[in-house]
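What follows is a single structure, written as structure tokens, with notes after it.
The values are calculated or read from the model by the stated rules, or taken from the named source; none is laboratory data. It should be emphasised that the depicted structure is a prediction, and the values quoted were computed from it without experimental measurement. Cβ: placed from backbone, ideal geometry, glycine included. Neighbour counts: every protein chain shown. These area figures cover heavy atoms from the full protein model, side chains too; ligands, DNA and RNA do not enter into them. Shrake-Rupley method; radii C 1.70, N 1.55, O 1.52, S 1.80 Å.
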Amino acid sequence: MKKYEELYDLIFEQSPFGVSLIDVETYKFIDANAKMLELLKYDKKEDVLDHPDKISPKYQPDGRLSFEKANEMMDLAIKNGNHTFEWLCVRSDSVEFWLEVSLTLVTLNGKKVLYDTWKDIDERKKSEELTISMNENFKELFERSSDGIIVCDNKFLECNKTILDMLGYDNKEQFLNLHPGEISPEFQPDGQSSIEKSNSLMQECMETGFVEFEWVHQ
């Protein structure tokens, strides 16, 4: 018996992750380790031994009620034996933070319970959200720019509406995958082939990072 108590202490109390046990009949926490209390900034286990929605905002970021979604996550874990998902929690100081939660159905002392491990992923999630926000801001600047903008790699990969209006195309499908030489006269005013000269300029830009020039389109 002592051996099993030591094993329980090792995988539960001394785990580097937040760990809890959930009653599959009431869907309430029945035990929690010190790391879980530390993550939630609570001093006593009794403060967290309730339904998971008590340590969550009323709604998850997808608009679902935390109470209903938590029940669904636990239902899936019981049905499949395990389930992993991301969850927004609330600390005792009302600060929200992200966790990766893994629920596993186990038998403890002859009773079915959910073994629940928590991994703090708050920094990663906030970094992802910042990247998404920056990408959305860039996309808006790209599309709304009064300058014609094209992204290309030998052929056009992306463009904004300004360039379509400038060159007389109705939609991107008509324009993308064209080569710069295909929207130019056969020769530039200096006598060089538009295709050869555009290839040369794109290669120069790839090598130096920047190139500026004048060009005749049609």
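Here the extension length gained between GLU86 and ILE30 equals 18.0 nm, from 0.36 nm per residue of separation less the Cα-Cα distance. Reducing region 175-218 and region 61-103 to their Cα centroids gives an inter-centroid distance of 54 Å.
Our summary gives the chain a relative contact order of 12 percent, counting only alpha carbon pairs under 8 angstrom and 6 or more residues apart.
Cross-link reach is defined here as a Cα-Cα straight distance under 18 Å, omitting same-chain residues fewer than 8 places apart; for LYS58 the lysines meeting it are LYS28, LYS69. Probing with 1.4 Å while keeping every protein chain in the model, the per residue accessible area of the chain equals 64 Å². The PHE210 and LYS44 beta-carbon pair, evaluated with R₀ = 41 Å, returns a calculated FRET efficiency of approximately 0.10. Among the helices of the chain, none built from whole DSSP H runs has Cα atoms reaching 30 Å or more along its own axis together with a mean Kyte-Doolittle hydropathy of at least -1.0. Measuring r between the beta carbons of ASP190 and ARG144 and using R0 = 30 Å, the FRET efficiency lands at 0.30.
Segment CYS152..LEU108, full-extension length gain: 9.8 nm, with 0.36 nm per residue of separation and the alpha-carbon distance subtracted. Count Lys and Arg as plus one, Asp and Glu as minus one, and take only other residues whose Cβ is under 12 Å from that of VAL106; the net charge is then +1.
Surface composition of region 85-141: carbon and sulfur atoms hold 53% of the protein heavy-atom accessible area at a 1.4 Å probe. Here region 144-218 exposes an accessible surface that is 49 percent carbon and sulfur, computed with a 1.4 Å probe and the other protein chains kept in place.
With both labels modelled 7 Å from their Cα along Cα-to-Cβ, the SER133 to MET166 distance reads 3.1 nm. Taking label positions 7 Å along the Cα-Cβ direction at both ASN71 and HIS179, the computed distance is 6.3 nm, reported to one decimal.
When you restrict to C-alpha pairs under 8 Å that are six or more residues apart and normalise by the size of region 23-93, the relative contact order lands at 32 percent.
Cα-Cα over 25 Å: which of LYS125/LYS172; LYS35/LYS125; LYS139/LYS172? Checking Cα-Cα distances, LYS125/LYS172 exceed 25 Å.
Based on DSSP H segments of at least four residues, each scored -39500 (n - 2.57), the chain has a per-residue ellipticity at 222 nm of -11000 deg cm²/dmol.
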